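**Student:** The following block contains the structure, expressed as structure tokens.
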Amino acid sequence: MPGEKKSPYHCRTELDPSIASPRKIVCIATLAALPLACAAVPSGAVATPPAVVRARLSQAGRRLIFSLETSKPVALAKLDRLSQGEGSRFLCLELQRSGRAGERRLCLGGPSKARGRIGRELVNEAEEVTGTKALAARVKRPSARKLVLALLPASAGLTPHRYRWRVAAALGNCGTKKKPLDCETSLPARGARRFRLRPVRAVGCTGAGEGLIANGPRDRNVVALTFDDGPSEYTSGFLQVLREKQVPGTFFEIGREMAAREATMRQILREGNEIGDHTMNHAEYPGYAEIAGASERIAAYTHFKPCLFRPPGGAVDSGTISTAASLGMQTIAWDVDPADWSNPGSSAVYSRVVDAARPGSIVLMHDGGGDRSGTLAALPSIIDTLRGRGYRFATVTELLGHRMIYRPYG
């Protein structure tokens, strides 16, 4: 971890014999000797603060999972999500990429109304905070003394590599008003634990079945944005908007358009979107070869086995649905169609989508098959307006209550 620096805390209790402190250690004790660490505290001092007694860092699909257990319940609302200087109370996961100076701190806490956020601090080798940011994350409390944090590594600037990590905490309540003795603790106490963040890729999804579906559940304010007839020269622009807005999309792709655009297809999946089968040649009432050919090409280019099939033009019969099902794909239609294929202009695309969208809607748009600049221009405003009305966004698989399957590689 970064070089040592004088700590603003008077006493530092060490929980596990394995870590070099990022700050100057003035007073050291093991967990077993914790009551002795603050032996100089006068009578009447408040109770020993909670300590982190167990921590684990793991990877589940695309998410980084950080779980910990404390000796006593910790009030997250009383912790500082970002640095507040001397006297700050914090509970942070510190990560340092192997072979690099500086570290990232991911800190829990802050107002209860913003519990789905954590603080990220960039710290240089001199222990100076060079950047701060609030990140979206999932923070759960399985029990009074247990906390689980889940986030996408990329949102914190973490890329697949080997890391050293530890937990650092200053939870207060160690000392008196006359003699403050805020104890900062770490786990492990010296050195660092090691963790390898592996790259992952989408390989499939759960829940595919037979039948034609045009919308998701109507009891949740969630919609799915879908894009047909790509990949094309416009697809990267659509991906940029989705990335900037932090919204997933589902791309139904034509087999004949995929050649030389394999990198774009992998990017679609890497950024949390989904790819569906739209036949090899945009054929209506397609046979087995048309459907299977596009599915096989998607798998060959991306290692992802598509779970969704969309019939071109919505032309479908029982044979088409059965063929898709035999290949492990659900047939997907839509309930919002702005007819953007006819290039009505960005204003028309925008109004037709936001006027028709309702809970569970599957919105049909196009990123290929012609000039898609109008749809691309309308997309940011469509997302902003629907979000302003309380809607969330999901891939079609997620809208239907299923999930994407990710596996590590490399």
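The values are calculated or read from the model by the stated rules, or taken from the named source; none is laboratory data. Not measured: the values here are computed from a predicted model. For neighbour counting, all protein chains shown are included, and Cβ atoms are generated from backbone atoms with ideal geometry for every residue, glycine included.
**Student:** On the basis of being of a type outside the set (A, V, I, L, M, F, W, C) and more than 11 Å from residue 202 (Cα to Cα), does residue 272 make the cut?
**Tutor:** Here the answer is no, as residue 272 does not meet what is asked.
**Student:** Any chance region 252-260 includes a residue that's surrounded by fewer than 20 Cβ atoms within 10 Å (Cβ to Cβ) and either touching a Cys at 6+ places or on another chain (Cβ under 9 Å) or not aliphatic (A, V, I, L, M) (or both)?
**Tutor:** Within region 252-260 (the criterion being surrounded by fewer than 20 Cβ atoms within 10 Å (Cβ to Cβ) and either touching a Cys at 6+ places or on another chain (Cβ under 9 Å) or not aliphatic (A, V, I, L, M) (or both)), the answer is yes, since at least one residue qualifies.
Residues checked against (1) small (Gly, Ala, Ser); (2) modelled with pLDDT under 90:
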residue	(1), (2)
164	no, no
167	no, no
172	yes, yes
175	yes, yes
182	no, yes
189	yes, yes
192	yes, no
197	no, no
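**Student:** Search region 193-239 for residues being farther than 18 Å from residue 306 by Cα, of a type in the set (Val, Ile, Thr) and within 21 Å of the chain's Cα centre (by Cα), and hand back the single one that is surrounded by the most Cβ atoms within 10 Å (Cβ to Cβ).
**Tutor:** Filtering region 193-239 for residues that are farther than 18 Å from residue 306 by Cα, of a type in the set (Val, Ile, Thr) and within 21 Å of the chain's Cα centre (by Cα), the one surrounded by the most Cβ atoms within 10 Å (Cβ to Cβ) comes out as 223.
Per-residue answers, yes or no, for (1) aliphatic (A, V, I, L, M); (2) touching a His at 6+ places or on another chain (Cβ under 6 Å); (3) closer than 22 Å to residue 257 by Cα; (4) touching a residue at least 12 places away in the same chain (Cβ under 8 Å):
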residue: 269; (1), (2), (3), (4): yes, no, yes, yes
residue: 275; (1), (2), (3), (4): yes, no, yes, yes
residue: 285; (1), (2), (3), (4): no, no, yes, yes
residue: 294; (1), (2), (3), (4): yes, no, yes, yes
residue: 301; (1), (2), (3), (4): no, no, yes, yes
residue: 308; (1), (2), (3), (4): yes, no, yes, yes
residue: 311; (1), (2), (3), (4): no, no, yes, yes
residue: 338; (1), (2), (3), (4): no, no, no, yes
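**Student:** Return the residues of region 117-139 that are touching a residue at least 12 places away in the same chain (Cβ under 8 Å) and assigned to a loop (DSSP other than H, G, I, E, B); say none if nothing qualifies.
**Tutor:** Matches in region 117-139: 124, 125, 126, 127, 137.
**Student:** Another question, then. Surrounded by fewer than 17 Cβ atoms within 10 Å (Cβ to Cβ) and within 19 Å of residue 142 (Cβ to Cβ): does that describe residue 73?
**Tutor:** Yes; evaluated as a whole, the condition is true for this residue.
**Student:** In region 60-90, which residues are in contact with a Pro (Cβ under 9 Å, 6 or more places away or on another chain) and assigned to a strand (DSSP E or B)?
**Tutor:** 63, 64, 67, 70
**Student:** (1) under 30 Å from residue 167 (Cα atoms); (2) outside any strand (DSSP E or B); (3) of a type outside the set (D, E, K, R): which one isn't true of residue 185, the others all being true?
**Tutor:** Going through (1) under 30 Å from residue 167 (Cα atoms); (2) outside any strand (DSSP E or B); (3) of a type outside the set (D, E, K, R) one by one, residue 185 breaks only (2).
**Student:** In region 270-302, what count of residues is obtained for those that are in contact with a Gly (Cβ under 9 Å, 6 or more places away or on another chain), of a type in the set (D, E, K, R) and either within 15 Å of residue 321 (Cβ to Cβ) or in a helix (DSSP H, G or I) (or both)?
**Tutor:** Residues flagged as in contact with a Gly (Cβ under 9 Å, 6 or more places away or on another chain), of a type in the set (D, E, K, R) and either within 15 Å of residue 321 (Cβ to Cβ) or in a helix (DSSP H, G or I) (or both) within region 270-302 amount to 5.
**Student:** Condition first: out of contact with any Pro (no Cβ under 9 Å at 6 or more places or on another chain) and outside any loop (DSSP other than H, G, I, E, B). Now tell me which residues in region 92-116 satisfy that.
**Tutor:** Within region 92-116, 92, 93, 95, 97, 104, 105, 106, 107, 108, 112, 113, 114 qualify.
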